[in-house]
Each structure stands twice: as C-alpha cells, then as structure tokens.
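One structure is given here, and the rest of the page talks about it.
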Amino acid sequence: MTTKPEVNDKSNEPSEQISANGGDPDSLHKLSAQVSTQRGFELVREAMHSAISMNKTEVLDTILGEFSEGYSGLSMEDRCKLLLVLAKDYDLNRNQVRELMNQYLGLQLPTDETATEDEGMLSTFYRMERNLRHALRPKYDVLLERLNTHPGGLKFLSVLRADLLSIIEEDNIPSLRALDSYLKEKLVTWLSPATLELHHITWDDPASLLEKIVAYEAVHPISSLIDLKRRLGVGRRCFGYMHPAIPGEPLIFIEVALLKNVAQTIQEVLWDDPPIPECEATCALFYSISSTQPGLAGINLGKFLIKRVVELVKREMPQICIFATLSPIPGFMRWLLSKLAYQSKLTEAETLAMPCSSKGSAGFTFRENLLTAGEERAILDAAGESISGKNGMEVLL
C-alpha cells in the first residue's frame with residue numbers, strides 16, 4: 001500500500017510569523033521604504049564611483065546623468081552621508097604626497113653657475129613638480145571637472161555646494177570644509193567675468209525669466225505684476241549675469257533707478273510715480289542686488305556686475321555722472337533692537353537706584369541722541385517688543 005507523503009502546507013506561515021512577531025502592514029511598509037532608500041543610496045554611490053574612475057567617454061555622460069539625478073532624489077541625511085564619502089574616500093593620497101616631497105627635498109639644487117648647463121637636473125625638478133601638482137589634486141577633482149562639462153552640471157554643482165554649506169553650518173567637519181573650499185575655487189574659475197553675459201532684463205523677456213526675478217528678489221520683494229513692470233520700465237533698469245550652462249536664469253541681478261539726485265530713502269525709489277524722464281536723470285542709484293544661487297555664496301559676482309553696469313550706463317547715458325548705492329545694512333535692525341532694549345532696562349534700573357536729586361545726570365554711561373521717542377517707540381512696536389523706555393532719545397553705544 002502506497003503511503004501518500006505528508007504535505008506540510010506552509011502557505012500561510014509568513015502571515016502567521018508576522019502576526020506572532022507583532023508585525024503589521026505599516027511596519028512592513030516602513031521596512032520596505034528603508035530598504036529602498038538604502039538601495040537608492042548605494043546606487044548613487046556606485047554611480048559616483050564610476051563617474052570618477054571610468055574612462056569610457058561614450059558612457060560617461062550617462063553615468064554623470066544617473067549620478068546627478070540620483071543625488072537629487074536623496075534625502076538631506078543621505079546627501080550628507082554621500083558628501084562625507086566623497087570628501088574622505090576620494091581625497092588626495094597623503095602617503096604619496098609625503099613620498100614625493102621627500103624625493104623632491106632630496107634633490108640637489110643647481111647653483112647659479114651650473115643652472116644653464118645642468119639641463120638634466122632641471123628636467124628632474126620639472127618632472128617632480130608636475131608629479132607633486134598631480135598628487136595634490138584630490139580624486140574628487142575628476143568628478144567636479146567632469147560634471148562641469150556635463151549638460152546641467154554647473155547648476156548641479158551649485159546645488160551640491162549649497163548642500164555642503166548647509167551641512168557645514170550645522171556640523172563643521174574638516175573634510176567637508178576642504179571639499180567646499182576646493183569646489184569654491186573651481187567655481188570662481190568657471191564663473192570668471194569673461195564667461196558671463198550681461199543681460200538687460202526687460203518686460204519683453206520670457207515669463208519664466210521674469211518669474212525668477214520675482215522669486216529671487218531678496219532685498220525689496222516685488223508685490224505684484226504692476227510693481228514688476230514698473231521696475232523694468234521707464235526710469236528703471238535691471239541687469240543680470242547669465243551663464244551659457246544655466247540658460248534662462250540669471251546667477252545674480254541688480255536693479256537701478258535713474259534719478260535727478262541721490263534718493264534719501266528707498267520709498268522715494270519704490271514709490272516714485274511717475275518716474276522722471278530719463279533724459280533728465282543725472283544719477284544711477286543701485287538699490288537692490290540679489291543672487292539666485294545659494295551655492296555661489298562667497299563668490300563675488302556682485303562687484304563685477306556693478307562695474308559692468310556702470311560702464312554700460314555711462315556709454316548709453318553720458319549725462320549720468322553720479323553712481324550710488326542705497327543698500328540695507330545686514331543685521332542693523334537686530335543690533336538696534338538689542339541696544340534699545342538694553343538702554344530701556346538700564347535707564348529703568350538707574351531711575352530706581354539713583355536719588356531724586358541726581359536723576360537726569362549723565363551717570364557712568366555714554367549716550368548719544370540717535371532717535372526721537374516716537375521713532376524708538378515705532379521700531380519697538382514694529383518688532384513686537386513691549387519695553388517701556390523712559391528716555392526715548394537715548395541709545396547706549
């Protein structure tokens with residue numbers, strides 16, 4: 001008699017195990033997401049390694065595209081991890097540098113008398129110096145150079161440096177600082193004024209460009225289309241630096257008002273309606289300059305932009321003889337509010353501590369009358385402060 005083998009049906013076993021382990025669909029989803037995220041990180045890391053080590057030019061563009069696209073899809077935490085890998089694992093080979101330095105220091109310097117005769121010794125120096133320069137280049141230099149020549153690569157490098165700056169601000173890691181410094185030097189070279197095009201931005205430019213002007217205006221926000229049209233119209237100019245690798249988007253732009261005299265307040269510029277005829281203008285006032293790329297922080301494009309605009313305005317409008325800026329002082333409001341608050345508390349304490357006969361004396365503090373009582377109160381009210389100052393005109397220096 002044939003015995004039928006026992007079939008151990010375990011088709012339901014996984015669900016039973018999940019139940020026994022207290023698993024649930026949400027936990028499975030989170031686990032799956034973690035595995036997917038980790039796998040995505042590894043794929044980007046592999047693409048980065050290939051982009052550095054591969055020499056096959058026919059597939060290099062594809063790999064660079066995969067790397068930049070994959071990086072853009074990473075979370076900020078994974079971007080930080082990847083940048084740490086890039087900064088540490090693809091740094092320069094210091095053992096090789098030390099070895100070359102020892103060899104170089106061991107060479108006998110030719111004397112002045114024999115320098116022209118000993119060409120063989122000089123060629124040894126040249127070769128060693130070339131080898132040292134090569135060894136002092138970190139491996140990630142290859143990635144940066146290749147990305148710069150890749151379509152969309154310059155914009156991507158700007159995003160990458162913006163991430164670096166954000167991470168360094170939170171955690172000042174030496175290897176990331178070195179990577180940032182190296183990338184900044186590269187960007188300074190790639191964004192030299194000779195590579196940039198000065199573009200006069202007008203109302204007739206594409207809507208996509210005008211939208212960027214509205215979005216990136218960082219000094220005096222543009223409130224409406226009417227406001228934008230006014231800033232690009234008669235008596236006003238707007239110029240931007242454009243780069244061929246980032247079409248349709250200025251790296252930095254500056255707004256200029258054409259006036260009879262230097263304005264005393266920004267309100268005169270923003271609400272000067274109607275503007276004067278341009279033929280009557282004798283002053284070009286630079287009242288707003290904004291960068292569109294956080295990753296280009298510290299790269300002084302503004303100085304070159306202003307010089308170019310001054311030259312252009314002089315050429316087009318010879319009657320303009322005054323060039324001035326009307327710029328906010330960074331951190332001034334914070335400084336002023338702290339002084340007002342401190343002065344208010346100090347004055348109150350002195351009033352309570354001093355006898356009636358001595359009230360009103362100069363005391364031990366040095367004060368200067370910078371604000372009227374009304375001005376002080378307006379500033380404090382605008383900042384939401386509720387400090388009751390006794391002497392409205394006194395600001396402690």
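Where a number appears in this text, it was derived from the coordinates with a stated rule and is not lab data. Predicted, not measured: the structure shown is a model, and the values here were computed from it. Please note: Cβ atoms are built from the backbone with ideal geometry, for glycine as well, and neighbour counts cover all protein chains shown.
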Could you order the peptides 295-305, 52-62 from most to least packed, using the average number of other C-beta atoms within 10 Å per residue?
295-305, 52-62
Separation of alpha-carbon centers, the range 223-238 and the range 132-192, rounded to whole Å:
37
Computed lengthening from Ala218 to Thr111, 0.36 nm per intervening residue step minus Cα-Cα distance:
32.5 nm
Residue-ordered couplings for the range 93-104, obtained by feeding phi - 60° into the Karplus form 6.51 cos²θ - 1.76 cosθ + 1.60 and rounding to whole Hz (Gly and Pro as x), are 8, 5, 5, 5, 4, 4, 4, 5, 5, 4, 5, 5
If packing is taken as the average count of other Cβ atoms within 10 Å, what order do 144-151, 203-210 fall into, highest mean first?
144-151, 203-210
For Ser288, residues with placed amide H under 5 Å, excluding near neighbours:
Glu255
Could you list, in their original order, any pairs among Lys184/Lys314; Lys212/Lys339; Lys81/Lys212; Lys56/Lys186 whose Cα atoms are separated by more than 27 Å?
Lys184/Lys314; Lys212/Lys339; Lys81/Lys212
Computed label-point distance, nm, for sites Phe332 and Leu60 using a 7 Å Cα→Cβ extension:
5.0
Go through 223-229, 39-45 and give me the packing order, highest mean Cβ count within 10 Å leading.
39-45, 223-229
HN-Hα J in Hz across the range 168-176 - Karplus 6.51, -1.76, 1.60, θ = phi - 60°, x for Gly and Pro
5, 4, 7, 9, 7, 8, x, 5, 6
